[in-house]
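All remarks here apply to the structure that follows.
The values are calculated or read from the model by the stated rules, or taken from the named source; none is laboratory data. Every value quoted in this text rests on a predicted model; they were computed, and no experiment measured them. Cβ placement follows ideal geometry from the backbone for every residue including glycine, while neighbour counts extend to all protein chains displayed. Just so you know, the surface numbers come from the protein's heavy atoms only, side chains and all, with ligands and any DNA or RNA stripped out. Shrake-Rupley method; radii C 1.70, N 1.55, O 1.52, S 1.80 Å.
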Amino acid sequence: MPDQTAVSNKFLGIIPMDGRLELTALPGVRWLFKKRWFPMAAILFNMFMFMVILLSGVVGGFSSGNYIFGIMIVWILWWVMLMMVLVPVFSRTWCMVCPLPSFGEWLQRLRVFGVNNKLFGLNVKWPERLRNMWLCNFLFLATTFCSGFFTVKPLATFLLLGGIIAIGIVLSMIFEKRSFCLYVCPVSGFQGLYSNLAMTEIRRKNPAICEKHKNKTCETGNKNGYGCPWLCKPHSLNRNTYCGMCLECFKTCPFDNMAFNLRFPGTDILVNSKRGLDEAWKGFIMMGIAIMFYVAMMGPWGGLKDWVRASTLGGWLTFVSLHASMNLLVIPGVFLVFAWLSKLASGAKDVPLRQVYVNLSYSLVPMGLAAWIAFSFGFLLPNGSYIIHVLSDPFAWGWNLFGTANFPWTPVLTRLLVPLQFITLFGGFVFAADYGFKLALQTYGDRRTAVRGFMPLLAMLMLVTILFGRLYGG
Amino acid sequence: MKLKWPRSARAAFTALLVIGSTLAPIVGILAYEKYRSRQFAADIVARAPEKGNYSPQSFTLPVGRKSVIRIRNIDTVVHGFAVPGLGVDAGQIKAGHVALVAVTPEKTGDFPFYCTVWCSEFHLNMRGVIHVVEE
């Protein structure tokens with residue numbers, strides 16, 4: 001088998017990637033992280049906001065998505081924040097403050113702030129075969145089948161969020177801890193995959209301390225906090241993917257051995273642990289959805305818009321079939337061709353195609369996130385000003401809470417939109433190419449073989465960048 | 001010295017926070033709107049005729065007293081609201097926007113109102129009537 005350790009630890013061969021800056025060493029940060037009220041205060045604030053969002057789904061304006069509080073806050077503000085800031089910078093911080101699973105979690109714990117490690121409910125273990133991203137993949141894809149409604153019909157957003165809360169409560173009464181968040185929540189999967197690119201991480205500080213600590217209170221919990229709700233082993237965490245950043249391990253570690261680090265973006269992409277087809281498909285699906293969203297929402301094809309908005313049942317079913325086929329078959333199939341070409345070009349007969357396929361698919365993480373950030377510019381800059389209006393008049397009842405109800409629609413910096421999108425895509429390409437080469441090196445072992453095997457991947461990444469550039473640039 | 005709250009006080013505070021972030025916003029918002037909307041003599045939703053037209057299409061105002069009419073455009077297109085007989089013109093009401101107009105009718109009778117913006121092919125049907133009566 002190839003040597004998996006011969007990977008350069010410098011980005012583009014210049015910038016060191018190993019450095020860590022422990023943010024919890026700053027005064028006040030660790031103190032804050034150890035307080036039980038800290039994430040809960042943010043959760044309660046978000047709970048308040050989501051109640052207003054849910055209410056706006058059933059009362060207030062009905063027809064015009066731009067003036068609906070729920071639609072603007074969820075699909076413009078929250079989504080943009082998630083894609084542009086929260087995931088790329090702070091990993092899964094949204095999961096830390098997400099209010100959607102809180103009702104279920106409070107029921108499990110029979111506490112809001114306090115600690116009770118004897119959890120209420122059946123606490124059944126999640127089925128072994130489903131301990132992956134497949135369910136998240138299918139549910140997220142299924143959610144996008146209704147994308148034509150979510151951004152224009154407030155009731156659709158209400159049903160989606162209300163449904164997530166309801167399913168979260170039911171599953172938390174059946175399955176242990178945050179099984180719902182880990183394996184079901186549609187938003188969870190892509191956050192998990194893309195958080196590999198994040199600039200922050202939660203990790204142990206000194207491995208020796210964890211090794212000597214027999215009780216592993218970060219897993220089992222103690223009087224100060226819960227055993228990891230995300231079913232991770234914080235003492236040996238090496239990837240962000242399944243860490244919900246709930247900060248319980250900061251509270252339960254008696255040695256203050258957990259750290260919140262600033263790091264070079266994307267180092268988890270190179271961690272060869274728990275890689276699989278489920279995560280590869282998540283990468284493909286995210287690329288496919290970015291293409292579809294752009295084509296349907298911002299493209300000039302009116303017929304396709306009618307399909308997506310379900311003007312006719314036949315049209316909508318055609319859209320669902322095409323969208324599902326593209327995401328589940330066509331994009332993975334195209335990638336398979338390039339993975340096969342990579343293996344062929346490398347000449348490494350002893351490396352299984354599946355390994356090439358899975359490993360190289362992680363190069364799509366920076367590319368996909370860049371495509372989503374670029375896409376987000378496309379609706380943030382022209383439409384972001386609507387948020388100023390809806391904050392003052394969230395239900396289209398004529399309120400003027402902050403004096404901004406008459407703030408006119410004001411596109412911002414739209415002349416810079418395409419350049420910003422191009423720069424973002426190019427940045428994504430650079431990261432994807434660099435990590436792609438490192439992944440090729442991990443896969444094939446020696447440098448010469450990896451260079452040959454990398455060429456088809458590089459060609460594919462260039463084609464993907466050109467495709468998105470062509471789409472966004474018109 | 002670290003102060004420790006009594007258990008009952010902590011429970012009450014927690015309950016207050018949870019209710020304050022869940023039920024309270026819903027109840028508070030609906031109650032405030034109920035209180036606020038009492039000032040409106042008429043509350044009209046504006047949509048293109050094929051989507052529901054003005055709703056309601058007729059209502060009553062008292063003669064000689066100032067009344068406030070709220071017109072909510074919940075449509076995806078611009079609408080208007082004018083009552084020539086009462087000298088009222090709300091101007092353009094953009095999609096998602098709300099107009100408040102004050103009127104003091106000086107005589108009784110029926111006064112037609114209609115949309116002043118070409119909003120759909122059925123635009124000319126977007127109309128209604130105000131009945132001004134003695135109190």
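Consider B:Ser21 against the criteria (1) farther than 30 Å from B:Gly109 by Cα; (2) more than 9 Å from chain A (Cβ to nearest Cβ); (3) crowded, with 18+ Cβ neighbours inside 10 Å: it satisfies all of them except one. Which criterion is unmet? All conditions are met except number (2).
Of all residues in region A:102-156, those satisfying the criterion of being within 16 Å of A:Glu176 (Cβ to Cβ) and among the basic types (Lys, Arg) are A:Arg109, A:Lys118, A:Lys125, A:Arg131. Of the residues making up region B:72-101, those that are open to solvent by 60 Å² or more (accessible area, probe 1.4 Å) and either β-branched (Val, Ile, Thr) or in a strand (DSSP E or B) (or both) number 4. With the structure loaded, tell me whether A:Asp256 is closer than 30 Å to A:Trp37 by Cα, touching a residue at least 12 places away in the same chain (Cβ under 8 Å) and loosely packed, with under 15 Cβ neighbours inside 10 Å or whether it fails that test. For A:Asp256, the condition - closer than 30 Å to A:Trp37 by Cα, touching a residue at least 12 places away in the same chain (Cβ under 8 Å) and loosely packed, with under 15 Cβ neighbours inside 10 Å - is met. Scanning region B:46-67 turns up at least one residue that is more than 9 Å from chain A (Cβ to nearest Cβ), closer than 30 Å to B:Val103 by Cα and in contact with a Leu (Cβ under 7 Å, 6 or more places away or on another chain). Condition first: surrounded by fewer than 22 Cβ atoms within 10 Å (Cβ to Cβ), under 26 Å from A:Phe69 (Cβ atoms) and aliphatic (A, V, I, L, M). Can you find one or more residues in region A:117-131 that meet it? Scanning region A:117-131, I find no residue that is surrounded by fewer than 22 Cβ atoms within 10 Å (Cβ to Cβ), under 26 Å from A:Phe69 (Cβ atoms) and aliphatic (A, V, I, L, M), so the answer is no. Considering only residues in region A:259-271 that are in a strand (DSSP E or B) and in contact with a helix residue (DSSP H, G or I) (Cβ under 8 Å, 6 or more places away or on another chain), the one that is most open to solvent (accessible area, probe 1.4 Å) turns out to be A:Leu262.
Look at (1) surrounded by fewer than 19 Cβ atoms within 10 Å (Cβ to Cβ); (2) in contact (Cβ under 8 Å) with a residue 60 or more places away in the chain and you find that A:Ile76 fails only one, number (1). With respect to the conditions (1) farther than 25 Å from A:Phe113 by Cα; (2) in a helix (DSSP H, G or I); (3) of a type in the set (Lys, Arg), A:Lys251 lacks only one, and its number is (1).
Residues in region A:191-221 that are within 27 Å of A:Phe431 (Cβ to Cβ) and among the small types (Gly, Ala, Ser): A:Gly192, A:Ser195, A:Ala198. In summary, B:Ala41 fulfils each of the numbered conditions (1) within 12 Å of chain A (Cβ to nearest Cβ); (2) open to solvent by 30 Å² or more (accessible area, probe 1.4 Å); (3) of a type in the set (A, V, I, L, M) with the single exception of condition (1). How many residues are open to solvent by less than 40 Å² (accessible area, probe 1.4 Å), within 27 Å of A:Val58 (Cα to Cα), in contact (Cβ under 8 Å) with a residue 60 or more places away in the chain and not hydrophobic (A, V, I, L, M, F, W, C) if we restrict to region B:50-71? So the count comes out to 2.
Taking each residue of region B:92-104 that is more than 8 Å from chain A (Cβ to nearest Cβ) and closer than 14 Å to A:Phe407 by Cβ and looking for partners that are open to solvent by less than 40 Å² (accessible area, probe 1.4 Å) and assigned to a strand (DSSP E or B) with beta-carbon atoms closer than 7 Å, six or more apart or interchain, yields B:Lys94/B:Asn73. With respect to the stated conditions, A:Gly403 fails to be under 30 Å from B:Ile93 (Cα atoms), in a helix (DSSP H, G or I), away from chain B (no Cβ under 14 Å) and small (Gly, Ala, Ser). The set of residues in region B:112-133 that are part of a strand (DSSP E or B) and open to solvent by less than 20 Å² (accessible area, probe 1.4 Å) comprises B:Phe113, B:Gly128, B:Ile130, B:Val132.
Here A:Thr424 does not fit the description of being of a type in the set (S, T, N, Q), within 14 Å of chain B (Cβ to nearest Cβ) and open to solvent by 20 Å² or more (accessible area, probe 1.4 Å).
Only one of the listed residues (A:Leu401, A:Leu416, A:Leu458, A:Leu439) is out of contact with any Lys or Arg (no Cβ under 8 Å at 6 or more places or on another chain), free of Cβ contacts under 8 Å to residues at least 40 places away in the same chain and surrounded by 15 or more Cβ atoms within 10 Å (Cβ to Cβ). That residue is A:Leu458.
If you go through region B:35-50 one residue at a time, do you hit one that is over 29 Å from B:Met126 (Cα atoms) and part of a helix (DSSP H, G or I)? Yes, region B:35-50 contains a residue that is over 29 Å from B:Met126 (Cα atoms) and part of a helix (DSSP H, G or I).
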